[in-house]
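Before any comments, here is the structure.
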Amino acid sequence: MPSKFWSPLVHQLEPYIPGEQPQVAGLIKLNTNENPYPPSPRVAELLDRAAIDDLRLYPDPSNTRLKKALVSYFEIEANQICLGNGSDEILAFAFQGLLKQGKPVLFPDITYGFYTVYCSLFGIEYQRQALAEDFSIDFNAYTTTPDNGGVIFPNPNAPTGVGKTLNEIEGFLKRNTESVVIIDEAYVDFGSESAISLVNHYPNLLVVQTLSKSRSLAGSRIGFAVGSAGLIEALERIKNCFNPYSVDRLTELAATVAIEDVDYFQECCNNIIATREWTVAELSQLGFDILPSKANFIMVKPNGLSAKALFDQLRERKIIVRYFSKPRIEKYLRISIGTVEEMKALVAAIKSILSDC
Ligand SMILES: *Cc1c(COP(=O)(O)O)cnc(C)c1O
């Protein structure tokens with residue numbers, strides 16, 4: 001209920017609505033792109049009595065240990081990394097520190113919902129560029145507005161799952177050199193190439209990643225940006241004016257081992273990719289149209305009943321997926337890739353719903 005004590009800003013805000021986290025036992029939860037596998041088993045080994053006793057101390061504000069793991073994994077310098085409480089926080093630093101330029105920021109018309117939310121929170125102008133007919137990002141639409149305040153897009157895009165190749169991204173970077181380009185790589189580990197290899201060639205490129213999806217740490221809240229030292233310093237300045245301790249001690253420990261345990265990480269990603277391809281093949285056989293996904297989710301258009309009807313009927317069967325009642329994607333459902341067993345249960349439920357219609 002609005003209160004007379006609200007600031008004018010609060011009246012205007014339309015907050016981001018996260019996918020639901022129902023507290024119901026026995027649900028098959030395929031609505032928020034979480035990893036169906038637990039984090040690296042080494043995480044549990046580390047969270048011992050000593051780690052708990054250390055909670056009396058503030059975290060290391062430089063998160064030296066975690067940065068060291070990222071430096072050796074990505075072969076970059078420590079001053080090219082900024083860590084945050086989830087990549088959502090990193091994006092908040094970037095919108096304030098790099099994208100608030102008094103010119104419109106460009107991003108796709110169908111994309112991650114937080115971008116418009118941050119623009120309204122931080123008073124940033126924006127302009128949405130239409131995706132191509134096949135739901136891919138059309139970079140030509142961006143180069144026609146060279147005087148922009150920056151460009152941001154996820155690769156692969158969310159909620160479509162459609163990706164751009166590293167070549168296409170580099171081609172765009174060559175044409176957009178005068179403003180910051182932020183690539184949100186929340187889902188890059190499920191089959192796309194990271195643009196981190198380009199940061200030393202393009203001083204205006206910032207790559208944002210998270211440990212929420214491919215490293216199973218959504219509950220721990222840890223994300224990071226990689227870019228030129230100049231861009232990273234802007235983020236660090238914002239962070240140190242807001243909350244220098246945004247990465248807590250337990251999270252830093254968990255994230256460090258999750259980055260170091262490369263074998264476990266690759267195994268989980270490979271499993272999810274294989275399960276995605278299995279699910280795509282099954283649903284194609286049932287007549288679904290499916291966008292080509294490089295993510296840990298798929299966008300599918302059912303045939304014979306509406307997306308909303310299928311969403312409701314799956315829910316009755318305790319399977320939760322995501323429905324967006326938005327133009328162009330209202331005929332689709334977004335389904336996160338779970339375990340093989342969960343996806344088998346999903347396909348069986350869909351077969352039974354279709355045979356009832
Ligand atoms: C999930 C997601 C994020 C946020 O990740 P957190 O690190 O959990 O805050 C950012 N961008 C996109 C496109 C996402 O889907």
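Descriptive notes on the structure:
Residue-by-condition table, conditions (1) modelled with pLDDT under 95; (2) out of contact with any Phe, Trp or Tyr (no Cβ under 8 Å at 6 or more places or on another chain):
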residue: N296; (1), (2): no, no
residue: P327; (1), (2): yes, yes
residue: L333; (1), (2): no, no
residue: T339; (1), (2): no, no
residue: K344; (1), (2): no, yes
residue: K351; (1), (2): no, yes
residue: D356; (1), (2): yes, yes
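- Pairs are defined by a Cβ separation below 6 Å, a sequence spacing of at least 6 or placement on different chains, a first member in segment 32-43 that is over 14 Å from I273 (Cβ atoms) and outside any loop (DSSP other than H, G, I, E, B), and a second member that is open to solvent by less than 40 Å² (accessible area, probe 1.4 Å) and more than 11 Å from the ligand (Cβ to nearest atom); the pairs so defined are R42/V257; R42/D261; V43/A254; V43/V257.
- Test: residue in segment 44-58 that is within 16 Å of the ligand (Cβ to nearest atom) and either assigned to a loop (DSSP other than H, G, I, E, B) or aromatic (F, W, Y) (or both): no
- Annotation note: Cβ proximity below 8 Å between a residue of segment 1-18 that is open to solvent by 90 Å² or more (accessible area, probe 1.4 Å) and a residue that is of a type in the set (A, V, I, L, M) and outside any loop (DSSP other than H, G, I, E, B) (sequence gap 6+ or interchain) occurs for E14/V117; P15/V117.
- Subset of segment 195-224 that is more than 14 Å from the ligand (Cβ to nearest atom) and small (G, A, S) - its residue that is nearest to the chain's Cα centre (by Cα): A195
- Some residue of segment 291-298 being surrounded by 15 or more Cβ atoms within 10 Å (Cβ to Cβ) and part of a helix (DSSP H, G or I): no
- Condition met for G113 (open to solvent by 50 Å² or more (accessible area, probe 1.4 Å) and either under 24 Å from G86 (Cβ atoms) or within 16 Å of the ligand (Cβ to nearest atom) (or both)): no
- Flag if Y126 is in contact with a helix residue (DSSP H, G or I) (Cβ under 6 Å, 6 or more places away or on another chain) and exposed (fewer than 15 other Cβ atoms within 10 Å of the Cβ): no
- Among the candidates D134, D147, D189, residue that is of a type in the set (D, E) and in contact with a Phe, Trp or Tyr (Cβ under 8 Å, 6 or more places away or on another chain): D189
- Residue in segment 65-80 that is open to solvent by 10 Å² or more (accessible area, probe 1.4 Å), closer than 14 Å to I183 by Cα and among the aromatic types (F, W, Y) present: no
- Residue match in segment 158-168 (condition: within 16 Å of the ligand (Cβ to nearest atom), out of contact with any Pro (no Cβ under 8 Å at 6 or more places or on another chain) and closer than 28 Å to A78 by Cβ): no
- Scan of segment 208-231 for residues that are buried (at least 20 other Cβ atoms within 10 Å of the Cβ) and either in contact with a Leu (Cβ under 8 Å, 6 or more places away or on another chain) or among the acidic types (D, E) (or both), ordered by number: V208, L211, L217, S220, I222, G223, F224, A225, V226, G227, L231
- Selection count where residues are crowded, with 16+ Cβ neighbours inside 10 Å and touching a residue at least 40 places away in the same chain (Cβ under 8 Å), scope segment 132-177: 18
- Scope segment 84-110; condition touching a strand residue (DSSP E or B) at 6+ places or on another chain (Cβ under 7 Å), over 30 Å from R328 (Cα atoms) and within 11 Å of the ligand (Cβ to nearest atom); matching residues: G84
- In segment 310-333, residue nearest to the chain's Cα centre (by Cα) [restricted to those that are crowded, with 19+ Cβ neighbours inside 10 Å and not in a helix (DSSP H, G or I)]: R322
- For segment 63-106, a tally of residues being acidic (D, E), in contact (Cβ under 8 Å) with a residue 12 or more places away in the chain and not in a helix (DSSP H, G or I) returns 1.
- Single residue of segment 1-31 satisfying the filter (under 26 Å from the mean Cα position of the chain (by Cα) and assigned to a helix (DSSP H, G or I)) that is modelled with the lowest pLDDT: Q12
The values are calculated or read from the model by the stated rules, or taken from the named source; none is laboratory data. Worth saying up front: this structure is predicted, and the values here are computed from it rather than measured. Positions of Cβ are generated from backbone atoms using ideal geometry, with glycine treated the same way; all protein chains shown enter the neighbour counts. What goes into the accessible areas is simple: the full protein's heavy atoms, side chains included, and nothing from ligands, DNA or RNA. Shrake-Rupley method; radii C 1.70, N 1.55, O 1.52, S 1.80 Å.
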